[in-house]
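Report on the following structure.
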Amino acid sequence: MPLVSIVDVRKSFGSNEVLKGVSLPVERGDVVAIVGRSGSGKSTLLRCINGLESHDSGTITVDGLEVGGAATDMRVLRRQVGMIFQQFNLFPHLTALGNVMLAPRIVLKMGEREARDIALDMLAKVGLADKRDNYPSQLSGGQQQRVAIARALAMRPMALLCDEITSALDPELINEVLRVVETLASEGMTLMLVTHEMRFARDVGTKLVFMHQGRVHEEGPPKALFAAPQTLELQQFIGASRA
Amino acid sequence: MIYKLQFADLLPYWDVLVRGLAFTILLTLASTLSGVAVGTLGASARTFGPQWLSRLVGAYVELIRNTPFLVQLFFVYFGLPAAGLKLTETQAAFIAMTINLGAYSTEIIRAGIEATPKGVIEAGVSLAMTRLQVLRHVVLKPAFEKVWPALASQIIIVMLGSSVVSQISAEDLTYAANFIQSRNFRAFESYFVVALAYLMLAILARAILRALGSRLFPKA
């Protein structure tokens, strides 16, 4: 059974139907790169998976728990899927360490010491052990995003949802974040990435999903798809992003 | 004829002044703590609470912000006994000031809460926090930081406004001035000294609140 299963999901904002029946299985260890033009529904799809947006119909399950299901405690589900945002969204009043420690402390009810150890491990993993006492305002965008990754990892999730996590970064800071994601992928973390980094999608992704007008327009192994896109829309999209 | 200042005439009443000063300080301190607590709860209820509660708090805020403090004080002290609640002057003064500051600080703190970026709240939710946990651990502190200067100003307004509690014979600083000048007829000197005392208190309070702010919200 797939870790994340999305079946015929629809979602409208007012009269604007953003997702028009999306189905997508994600297996453990998959690195799913979701690409597509703005407005194609990529971010909305991602946000439906942990219930930040509620879908109108269809079903999404994560490790057997149905998103928005009557029997589902969404907080249990959210422990399984971490989310990383375009705008980092660090807690501004806490240091890097404080950001990473908070949820293990208050959600997982860990002791101070245990949470601290885990948080320091995670900060070391993203290469920021030395920035533990810095506040977000004292960190570069790339560093903030790596703290955000450490914060999500400290909850020991089964999957990470990455919503355009490099789009707000200066070009020279993008790679430090992508390297961290690549390491996670190589360690077997299940990842769903909405991204505009085509090269990264091709080299690190195990599956490419091209969304177009609220549907999965084309999907498959990234390298094959990049080499020989089957639909005109994906051809144009790849062509446009090369230019 | 030129009026001759006779500050020495206040000296026999120094203990009245000191007691009044102490009363004003303690009353302000107590009602600041309780008022800001009410404001924090009120602002939380308005922004994170269910709609009925939010509306109720909204009504409270409008009621207090659109009526004079003196009338609120009289209502608590003279009005409530009719409903069976008999209060001492001090209790009435404390309650009226708490209710008053509570309403204003609800609005001030609410502004801070509403200035929280949506994404920061979503980050907390995504980390499986409850709404209450998000409010308490993620939203409130930065909210206080944003509105701290406004809140400090309001606390000082309430402290200065506390002078009207002398109207129900609570023995504060203004009561002391009223009392002294009724005995020695040195109105100018009495009110001058008390005005100076208020000025000093306000300056001191501002400094303390500023120091507290930089302590609570460290930023490098």
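The values are calculated or read from the model by the stated rules, or taken from the named source; none is laboratory data. Owing to the predicted nature of the structure, the values given are computational and were not obtained by experimental measurement. When we count neighbours, we look across all protein chains shown, and the Cβ atoms used for this are built from the backbone with ideal geometry, even at glycine.
Are any residues in the stretch B:39-57 surrounded by fewer than 22 Cβ atoms within 10 Å (Cβ to Cβ) and assigned to a helix (DSSP H, G or I), and if so, which ones?
The answer is B:Thr40, B:Leu41, B:Ala45, B:Thr47, B:Phe48, B:Gln51, B:Trp52, B:Leu53, B:Ser54, B:Arg55, B:Leu56.
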Taking the stretch A:64-110 and keeping only residues that are modelled with pLDDT of 95 or more, away from chain B (no Cβ under 12 Å) and assigned to a loop (DSSP other than H, G, I, E, B), one is left with A:Val67, A:Met110
All conditions in (1) on the phi > 0 side of the Ramachandran plot; (2) acidic (Asp, Glu); (3) away from chain B (no Cβ under 13 Å); (4) touching a strand residue (DSSP E or B) at 6+ places or on another chain (Cβ under 6 Å) are true of A:Glu164 except (3)
* To do: Consider A:Leu97 carefully, then state whether it is buried (at least 20 other Cβ atoms within 10 Å of the Cβ) and either out of contact with any strand residue (DSSP E or B) (no Cβ under 6 Å at 6 or more places or on another chain) or of a type in the set (Ser, Thr, Tyr) (or both).
  => yes
Sole miss for B:Met159 among (1) surrounded by fewer than 22 Cβ atoms within 10 Å (Cβ to Cβ); (2) more than 30 Å from A:Gly51 (Cα to Cα) is condition (1)
Within the stretch A:115-159, residues away from chain B (no Cβ under 14 Å), in a loop (DSSP other than H, G, I, E, B) and surrounded by fewer than 20 Cβ atoms within 10 Å (Cβ to Cβ) come out as A:Gly127, A:Ser140
By my count, helices (runs of 4 or more DSSP H) wholly in the stretch B:96-198 with at least 2 residues that are touching a residue at least 40 places away in the same chain (Cβ under 8 Å) and closer than 28 Å to B:Val71 by Cα are B:140-161, B:173-184
Of those in the stretch B:72-94 that are small (Gly, Ala, Ser) and closer than 21 Å to B:Ile25 by Cβ, the residue farthest from the chain's Cα centre (by Cα) is B:Ala92
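Answer with yes or no whether B:Ala30 is exposed (fewer than 15 other Cβ atoms within 10 Å of the Cβ) and in a helix (DSSP H, G or I).
Considered against the rule, which asks whether it is exposed (fewer than 15 other Cβ atoms within 10 Å of the Cβ) and in a helix (DSSP H, G or I), B:Ala30 comes out as no.
Among the residues that make up the stretch A:9-31, is at least one of them assigned to a strand (DSSP E or B), crowded, with 19+ Cβ neighbours inside 10 Å and either of a type in the set (Gly, Ala, Ser) or within 14 Å of chain B (Cβ to nearest Cβ) (or both)?
Within the stretch A:9-31 (the criterion being assigned to a strand (DSSP E or B), crowded, with 19+ Cβ neighbours inside 10 Å and either of a type in the set (Gly, Ala, Ser) or within 14 Å of chain B (Cβ to nearest Cβ) (or both)), the answer is no, since none of the residues qualifies.
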Over the stretch B:162-187, the set of residues surrounded by fewer than 22 Cβ atoms within 10 Å (Cβ to Cβ) and either over 18 Å from B:Ile95 (Cβ atoms) or more than 20 Å from the chain's Cα centre (by Cα) (or both) is B:Asn178, B:Phe179, B:Gln181, B:Ser182, B:Arg183, B:Asn184, B:Phe185, B:Arg186, B:Ala187
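Could you please let me know if B:Lys86 is in a loop (DSSP other than H, G, I, E, B), surrounded by fewer than 19 Cβ atoms within 10 Å (Cβ to Cβ) and out of contact with any strand residue (DSSP E or B) (no Cβ under 9 Å at 6 or more places or on another chain)?
Details: in a loop (DSSP other than H, G, I, E, B): yes; surrounded by fewer than 19 Cβ atoms within 10 Å (Cβ to Cβ): yes; out of contact with any strand residue (DSSP E or B) (no Cβ under 9 Å at 6 or more places or on another chain): yes.
Yes, satisfied.
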Going through the stretch B:109-124 in order, the residues found to be more than 7 Å from chain A (Cβ to nearest Cβ) and touching a helix residue (DSSP H, G or I) at 6+ places or on another chain (Cβ under 8 Å) are B:Ile109, B:Arg110, B:Ala111, B:Gly112, B:Ile113, B:Glu114, B:Ala115, B:Thr116, B:Ile121, B:Gly124
B:Val139 meets each of (1) more than 10 Å from chain A (Cβ to nearest Cβ); (2) closer than 27 Å to B:Ala207 by Cα with one exception, condition (1)
Scanning the stretch A:43-88 for residues that are buried (at least 17 other Cβ atoms within 10 Å of the Cβ) and hydroxyl-bearing (Ser, Thr, Tyr), the one nearest to A:Thr195 (Cα to Cα) turns out to be A:Ser43
Going by the structure shown, is B:Phe48 among the aromatic types (Phe, Trp, Tyr) and in contact (Cβ under 8 Å) with a residue 60 or more places away in the chain? yes
